[in-house]
Amino acid sequence: MARPRPEPVQVVKQRRDAALSALAHNVPFIQFLGIEFDRRGDELTAVLPFDDKLIGNPLLPAIHGGVTAAFLEVTAIIGLSWTMLWDEIESGAFDAAKLVEEGKMPRLPKTIGFTVDYLRSGLPRDAYARAVVNRSGRRYASVHVEAWQDNRDRAFAQATGHFLMPRRDG
């Protein structure tokens, strides 16, 4: 029995990029903050490009604590959703263009609790974050997120979030 021929790499990349774009552009706050996502395989890195509107204390200057918390929470939610939908994206069952057109994008996880640890001031430069899903079940998920700027080993903030998973019909 012959194995099916694998899809061309361009098709797989386009499908993954379309799914990520649909997830991220479905949240207006992500666009307002300017958060982008860099995808390498199944790993996502959130990027918060520096903008003057993100500064909370102009005397330091430092990124506003609320912006930092929002950046971490968005990273956790999109990272969790990405993990949740990965099998559907890979199989081709997740047709982002069709779902967006029909207005039937999957619901995102809802935050139950989110604890942020501010480790140092966020400097006026680009910030990066990655989420690690500690536990993901049908009803509940736990995610840890770390944000850094110049050196990944020197996080400026980290967070742990607990989320209520959306019902998956079908």
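Read-outs: derived from the displayed coordinates by stated rules, not from any lab. Computed from a predicted structure; not experimentally measured. Methodologically, a virtual Cβ is constructed for each residue, glycine included, from the backbone with ideal geometry; neighbour enumeration extends over all protein chains shown.
When +1 charges are put on Lys and Arg Cβ atoms and -1 charges on Asp and Glu Cβ atoms, the dipole computed for the stretch 9-164 relative to its Cα centre reaches about 340 debye.
When 39, 139, 130 are ordered from fewest to most other Cβ atoms inside 10 Å of their Cβ, what list results?
Working: 39 15, 139 9, 130 18.
If I rank by nearby Cβ atoms, fewest first, I get 139, 39, 130.
Here the stretch 30-49 and the stretch 127-143 have alpha carbon centers that stand 16 Å from each other. Residues whose amide H comes within less than 5 Å of that of residue 56, counting only those at least five positions distant or on another chain, are 62, 63, 64 (H built at 1.01 Å from N in the peptide plane).
Taking the longest Cα principal axis of the chain as reference, the axis of helix 65-91 is set at about 10 degrees. Computed from phi, the 3J(HN,Hα) profile of the stretch 127-141 under the Karplus parametrisation 6.51, -1.76, 1.60 (θ = phi - 60°) reads 10, 10, 8, 9, 10, 10, 7, 7, 8, 9, x, 5, 10, 9, 9 Hz, with x in place of Gly and Pro. Listed cross-link partners 53/110; 13/104; 13/53 are compared with a 29 Å cut-off, the Cα-Cα value being larger for 13/53.
Note that the stretch 111-117 has calculated 3J(HN,Hα) couplings of 6, 8, x, 9, 10, 10, 10 Hz, one per residue in order, obtained from phi through the Karplus relation 6.51 cos²θ - 1.76 cosθ + 1.60 (θ = phi - 60°); glycine and proline are x. Given in Å, the Rg to one decimal and the Dmax to the nearest whole number for the Cα atoms of the stretch 17-108 are 14.9, 51. Its Cα gyration tensor gives the stretch 9-164 an equivalent ellipsoid, and the semi-axes of that ellipsoid, as √(5λ) in whole Å with the largest first, are 28, 17, 14.
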